[in-house]
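Input: a single structure, listed below in structure tokens.
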Amino acid sequence: PEMRIVVPLPLMRLLSDFPHRAEALGPIARIDTLPRSVVLSIEESALVGGMEAPVEAMHWLRGHGFQVALERFGIGLSSFHQLHRLPLDMVCIDRSFTETLDQGGRAAAIAQAIVEVGHGLGLQVWADQVASEAQFRKLLELGCDGVQGPWIGPALDAQAWHKHLQGR
């Protein structure tokens, strides 16, 4: 399976001094395969204040090879109109839906709808905070493209990730 590094991106900090902060990502972008393995995730709630600056930043990031994900999708204030306009590679189903997903019902119906909308827009759809094999299997059944969470492995800081890679 393909491994990706998902890095939460504090969008407001990036936008506060965008040219300077984007310049800091430049060396990473020049490593041939690394940017394609890095997914910069932006929380849906970060887009409430306005779209022009975040969209510009997302275009820059994607233009330099990074993937951009909309994190915690389904719980914020984004509309389908905004989702349609955003330069994204993926959306991540929020854990509030994955936690009870294997029990069927409304959470499964919403997760299925997010998968269908995401795929219809040409996006990958991942699920966040998958904690059990039953949740994983249900997400596969729904057509989810990938998962992250404690069932796969714990979140790691940079030092722990480096140790993990050395042990492979």
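Quick one: residue 156 ticks every box in (1) more than 27 Å from residue 62 (Cα to Cα); (2) in a loop (DSSP other than H, G, I, E, B) bar one, so which box is it?
Result: residue 156 passes all but (1).
Give the residues of segment 118-138 that are among the small types (Gly, Ala, Ser) and part of a loop (DSSP other than H, G, I, E, B), sorted by residue number.
Result: 122, 131, 132.
Among the residues in segment 100-118, are any charged (D, E, K, R) and surrounded by 14 or more Cβ atoms within 10 Å (Cβ to Cβ)?
Looking through segment 100-118, at least one residue is charged (D, E, K, R) and surrounded by 14 or more Cβ atoms within 10 Å (Cβ to Cβ).
All of the numbers you see were taken from the coordinates with simple rules; none came from a lab. All of these numbers come straight from a predicted model, not from anything done at the bench. A quick note on method: Cβ atoms are made from the backbone with ideal geometry, for glycine too, and the neighbour counts reach across all protein chains shown.
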